[in-house]
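The values are calculated or read from the model by the stated rules, or taken from the named source; none is laboratory data. Treat the numbers as computed from the prediction; the structure is a model and nothing was measured. FYI the Cβ positions are ideal-geometry reconstructions off the backbone, even for glycines, and counts take in every protein chain you see. In case anyone asks, the SASA skips ligands and DNA or RNA and just uses the protein heavy atoms, side chains included. Shrake-Rupley method; radii C 1.70, N 1.55, O 1.52, S 1.80 Å.
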Amino acid sequence: KYDYISKMEVNESKKWLEEKYNIKTEIKIITIGMSRWHDKDHEWIKKLIHFCNKNNYFLVIKVHPLYKTTSTEKSDINIQKIKNECSMAKILILYDTNIEELLAASDLIITDYSNFGIEAMLMNKPIISFNFTKEDWGDHPQRLDQLNAATYIDQYEELEKELGKI
């Protein structure tokens, strides 16, 4: 399934992202790819959008495809809350896209636990694994922090500090 990774060209993927979504890829691209919406995700994402705009990063939110058919109202509400407060921000919210190209073009990935993060890990992308609800993840197989492939954070303020380092 992941053989494509060895053939990915970052520059070509950045060119694809620019052409498809009109994103200037000379700035850093940060992509959020979550397994699902968590309580109050819209709140920290709004803060992150303002942080990214202030620091000249571009934020992409890749919504899990589950929300195209299930819990669509929950997803729509979260997205609308984000858009209402961040209408002038540099942001792209996607349900459908070429994941491989998006990951390759991204400079940093933010995820909880997901296959999105696994693919980013295989591409050697810097990854931040967040758990702001502090739920028990146990031994979830996609715990990238337990594989030393991601920096684990559970407070939003830590996220901004980590972004500054990476």
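Does any residue in region 80-93 that is closer than 14 Å to Leu48 by Cβ come within less than 9 Å, Cβ to Cβ, of a residue that is outside any loop (DSSP other than H, G, I, E, B) and among the aromatic types (Phe, Trp, Tyr) six or more places away or on a different chain, and which pairs are these?
Lys90/Tyr57; Lys90/Phe58; Ile91/Phe58; Leu92/Tyr21; Leu92/Phe58
Tell me, which residue of region 26-41 that is open to solvent by 20 Å² or more (accessible area, probe 1.4 Å) and farther than 15 Å from Asp154 by Cα is farthest from the chain's Cα centre (by Cα)? Before the answer, list the steps.
Kept after step one, since they are open to solvent by 20 Å² or more (accessible area, probe 1.4 Å), are these residues of region 26-41: 26-28, 35-36, 39-40.
If we keep only those that are farther than 15 Å from Asp154 by Cα as well, we get 26-28, 35-36.
Details: Glu26: 18, Ile27: 16, Lys28: 13, Ser35: 10, Arg36: 12 Å.
Only one residue fits best here, namely Glu26.
Mind listing whichever residues of region 53-111 are surrounded by 14 or more Cβ atoms within 10 Å (Cβ to Cβ), in a helix (DSSP H, G or I), acidic (Asp, Glu) and at pLDDT 90 or above?
Glu100, Glu101
Would you confirm, using the coordinates I've provided, whether Ser114 is surrounded by 15 or more Cβ atoms within 10 Å (Cβ to Cβ), out of contact with any Leu (no Cβ under 8 Å at 6 or more places or on another chain), among the polar types (S, T, N, Q) and within 24 Å of His42 (Cβ to Cβ)? Spell out the reasoning first.
Values: surrounded by 15 or more Cβ atoms within 10 Å (Cβ to Cβ): yes; out of contact with any Leu (no Cβ under 8 Å at 6 or more places or on another chain): yes; among the polar types (S, T, N, Q): yes; within 24 Å of His42 (Cβ to Cβ): yes.
The answer is yes for Ser114.
Would you tally the residues in region 52-77 being within 17 Å of Phe116 (Cβ to Cβ) and among the polar types (S, T, N, Q)? Lay out the reasoning, then the answer.
Keep residues of region 52-77 that are within 17 Å of Phe116 (Cβ to Cβ), which gives 59-68, 75.
With the extra rule that they be among the polar types (S, T, N, Q), the set shrinks to 75.
The qualifying residues number 1.
State which residue is nearest to Ser106 (Cα to Cα) when the search covers only region 118-152 and only residues that are among the hydrophobic types (A, V, I, L, M, F, W, C) and in a strand (DSSP E or B). First the steps, then the outcome.
Keep residues of region 118-152 that are among the hydrophobic types (A, V, I, L, M, F, W, C), which gives 118, 120-123, 127-128, 130, 132, 137, 144, 147, 149-150.
Checking the rest, the ones that are also in a strand (DSSP E or B) come to 127-128, 130.
Details: Ile127: 11, Ile128: 13, Phe130: 17 Å.
Top of the filtered list is Ile127.
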